[in-house]
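Colleague: Please read through the structure below; I'll follow up with questions.
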Amino acid sequence: MAEANWAAAQCEEGSYHIPPWVYSVVINQDDQIVNQSRATGLLAFYDPFTDMGLYPHFYKTADRVTLINGGNYFEEENLCRCGRPTTYIKTDSISRQDRLDEAGCAGQI
């Protein structure tokens with residue numbers, strides 16, 4: 001995901017943990033946020049460190065993932081087995097969604 005100004009570190013359990021300052025969600029085919037603590041769809045995120053303009057940038061990627069404890073959701077029973085209390089992506093859930101309508105590697109929503 002070239003549009004990110006951050007990296008999701010892989011833990012010893014194989015999950016990719018998103019830095020705590022990044023607000024991440026998944027969106028469905030209608031560009032609506034999936035409001036669940038375990039959600040599958042296209043990864044979208046807001047990183048305050050990429051906000052160089054007058055309004056915040058919220059990016060829609062072409063990465064289809066299962067995101068755990070993202071957005072405003074946190075359920076302790078969904079913690080990664082490594083014990084880190086951060087939002088994470090399940091390793092076996094990552095795939096690339098081809099043919100998005102947006103030009104470039106990310107759409108801005």
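Colleague: In whole Hz, with x marking every Gly and Pro, tabulate ³J(HN,Hα) for segment 26-33 from phi via Karplus 6.51 cos²θ - 1.76 cosθ + 1.60, θ = phi - 60°.
Modeller: Using θ = phi - 60°, the values come out as 10, 10, 8, 5, 9, 6, 9, 5 Hz.
Colleague: Which of HIS17, HIS57 has the fewest other C-beta atoms within 10 Å, and how do the rest follow up to the most? List each step's numbers first, then the result.
Modeller: On the way: HIS17 20, HIS57 17.
Lowest count first: HIS57, HIS17.
Colleague: Under 5 Å between amide hydrogens, which residues at least 5 positions from ASP63 or on another chain qualify, with H placed 1.01 Å from N in the peptide plane?
Modeller: Amide H neighbours of ASP63, under 5 Å, 5+ apart: LEU43, GLN97.
Colleague: Pulled fully out, how much extra length does the chain show between PHE49 and TRP21, if you take 0.36 nm times their separation in residues and subtract their Cα-Cα distance?
Modeller: Numbers: separation 28, 0.36 × 28 = 10.08 nm, distance 0.89 nm.
Length gained, PHE49 through TRP21: 9.2 nm.
FYI, it's all coordinate maths here, none of it is from the lab. Keep in mind it's a predicted model, so treat the numbers as computed, not measured. Positions of Cβ are generated from backbone atoms using ideal geometry, with glycine treated the same way; all protein chains shown enter the neighbour counts.
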